[in-house]
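What follows is one structure encoded as structure tokens, with my remarks underneath.
Values in this text are rule-based calculations from the coordinates and carry no lab data. What you are looking at is a predicted structure, and each value in this text was computed from that prediction instead of being measured. Cβ coordinates were reconstructed from backbone atoms using ideal geometry, including for glycine residues, and neighbour counts include every protein chain displayed.
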Amino acid sequence: MNSTAMVDVRKVIKVFKNAAGEFTVLKGVDLTIERGQFVSIVGKSGSGKSTLLNMFTGIDHPTSGHVIVNGTDLYTGMNESGRSLWRGKNLGIVFQFFQLLPMLSLLENVMLPMDYADMYDFDERPKRALELLTLVGLETQANKLPLAVSTGQQQLAAIARALATNPPLLVADEPTGNLDSRSADTIIRLFEQLVAEGKTVVMVTHDPSLTERTTRNIIISDGELIDESVALALPLLKHRQMLKVTQKAQRLTFTPGQPIMRRDQHVETFFIISRGEVDIVLEGKNNQDFTVSKLMPGQYFGEVELIRGGKAIASVRASGESQVELLALTREDFHDLLKESPITEEAIARTVQHRLDENKSGDQRGWRFWPFG
Ligand code: ADP
Ligand code: MG
């Protein structure tokens, strides 16, 4: 299989078997991570985060499905030792507990992966390792044993070690879970710098203050990924509820310029924009259209009409740029959702109020429309 993405996970199922029986930890996961992205993965304890990461580190293997990393199909035509060699050159891995060898100095720890992958001339390795320790601010600690430096510094050394073979992808499983917030901040700044230099970083974390700093946040709930636009549009839902919306929503595709909702039509659907943009359009005098506003991925429309029982007073149309993907919830599912999540109901009520207020000010300027934007 081919993929130009950095990570391409396709229909991955992972079943663990033990004395108690079978347990499906990943239930058909699809995930594409493009090169140069800084991605966080969050989810409750036991939701499958580490299992998912280990699908693309090649440390574990899927029960079914495909995983393509940096162009290599990890589980088709490659055995365990092949994967291990591949990993040494393509991947840096950072764990919560740093796993430095205690009897080796920081410098020697950083040189280990170079030895293992047989990369760089023997004489060149100490110099390269020192460069990496300098990158993470540990140049003066290079000859110390791990236990002689702080936990934050041990983790920085572990990151230097993960970068030893200059891999394009860095994978980190709760890298700041064992650190104070200042050390955690240093680690994230280092990741940001690596991403700016072109690396791809994927990080599992528990800390919501860190997910704000990544360019993309993926939520896993009970072995399934939540649609990212659902999480953006309805951030106050519990993960379990976001997953329900992800599962219930119908996926619709529109070509540029295609009408989605028409003025005066009865509205029966709540829409979340998943990809592309939509235009909120008014027909002015002389049948001239004009676009009042644009909505982006993670924004929604249709809620004003569903809540107030009205007809659409503006038309909605796929923008002229690229294909538009929407998630559509029925009126019934939408109202069930509001019943289940009072804080989401309040948040949507505030949006409705805001849009109605804009409508009023639009009226004063001579416009007639439901203000979606
Ligand atoms: P997370 O990292 O989100 O906390 P994990 O991916 O470690 O979750 O685990 C997800 C579920 O899979 C848990 O219920 C865990 O007990 C189970 N699990 C993980 N590894 C194994 C294994 N090797 N054998 C059996 N069950 C496992
Ligand atoms: Mg874990």
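Enter the Cα centre distance for the pair the stretch 203-275 and the stretch 14-79, rounded to the nearest angstrom.
Cα centroid to Cα centroid, the span is 22 Å.
Using DSSP to call loops (not H, G, I, E or B), can you name the trypsin sites (Lys or Arg not before Pro) in the stretch 13-67 whose Cβ has at most 16 other Cβ atoms within 10 angstrom?
35, 44
Could you pull out every one of the lysines with an alpha carbon less than 18 Å from that of residue 199, ignoring same-chain neighbours closer than 8 positions?
Cα-Cα hits under 18 Å: 89.
Would you please give the residues with an amide H less than 5 Å from that of residue 216, counting only those at least 5 places away or on a separate chain, with H modeled from the backbone geometry?
Under 5 Å from the amide H of residue 216 lie the amide H atoms of 38, 40, each far enough along the sequence or on another chain.
If one takes the longest principal axis of the Cα atoms in the chain, at what angle in degrees, from 0 to 90 and to the nearest 10, does the Cα axis of helix 181-196 lie?
Once rounded, one gets 80 degrees.
Among the lysines, which have Cα under 20 Å from the Cα of residue 27 when same-chain residues fewer than 8 positions away are ignored?
Candidates past the 8-residue exclusion: 11, 14, 17, 44, 49, 238, 244, 248.
Largest first, please: the extent of the C-alpha atoms of the stretch 67-159 along each principal axis, to the nearest Å.
44, 31, 23
How compact and how long is the stretch 160-245, expressed as Rg and Dmax of its alpha-carbon atoms in Å?
According to the Cα coordinates of the stretch 160-245, Rg and Dmax are 14.5, 42 Å.
Taking N as the number of residues in the stretch 1-117, what is its alpha-carbon radius of gyration divided by 2.2 N^0.38 Å?
It is 1.17.
Which cross-chain or sequence-distant (5 or more) residues have an amide H under 5 Å from the amide H of residue 97, H modelled 1.01 Å from N in plane?
none
Convert 25 °C to kelvin, take the viscosity as 0.890 mPa s, use the Kirkwood radius over C-alpha pairs of the stretch 243-364 as Rh, and evaluate the Stokes-Einstein diffusion coefficient in µm²/s, rounded to a whole number.
It comes out at roughly 164 µm²/s.
Using alpha carbon coordinates only, what is the Rg to Rh ratio of the stretch 233-314, with Rh defined as the Kirkwood radius?
My calculation of the ratio gives 1.00.
Can you check what the net charge comes to around residue 243, using other residues whose Cβ is under 10 Å from the Cβ of residue 243 (Lys, Arg +1; Asp, Glu -1)?
Here the count lands on +1.
Place the peptides 317-327, 156-166 in order of packing, highest mean first, counting for every residue the other Cβ atoms within 10 Å and averaging per peptide.
156-166, 317-327
Enumerate the calculated ³J(HN,Hα) couplings along the stretch 31-40 in order (Karplus 6.51 cos²θ - 1.76 cosθ + 1.60, θ = phi - 60°), each rounded to whole Hz, writing x wherever the residue is Gly or Pro.
Per-residue couplings from phi come out as 7, 10, 10, 7, 4, x, 7, 10, 10, 9 Hz.
May I ask for log10 I(q)/I(0) of the stretch 276-317 at q = 0.24, 0.29, 0.30 Å⁻¹, from a Debye sum over the Cα atoms as equal point scatterers with solvent left out?
Values returned for q = 0.24, 0.29, 0.30 Å⁻¹ are -0.88, -1.03, -1.05.
Once you have the Kirkwood Rh of the chain from its Cα pairs, apply Stokes-Einstein at 25 °C and 0.890 mPa s and quote D in µm²/s.
So the translational diffusion coefficient is about 105 µm²/s.
Is it possible to state the helix-based mean residue ellipticity at 222 nm for the chain, with each DSSP H run of 4+ residues giving -39500 (n - 2.57), the sum divided by total residues, to the nearest 500 deg cm²/dmol? What is it?
Dividing the helical sum by the residues of the chain leaves -10500 deg cm²/dmol.
In the chain, what % of DSSP beta bridges are antiparallel (nearest 5)?
75
Plugging the Kirkwood radius over Cα pairs into Stokes-Einstein for the stretch 171-215, at a temperature of 25 °C and a viscosity of 0.890 mPa s, what D comes out in µm²/s?
Rounded to a whole number, D works out at 231 µm²/s.
So how many Å³ per residue does the convex hull of the Cα atoms of the stretch 5-225 work out to?
129
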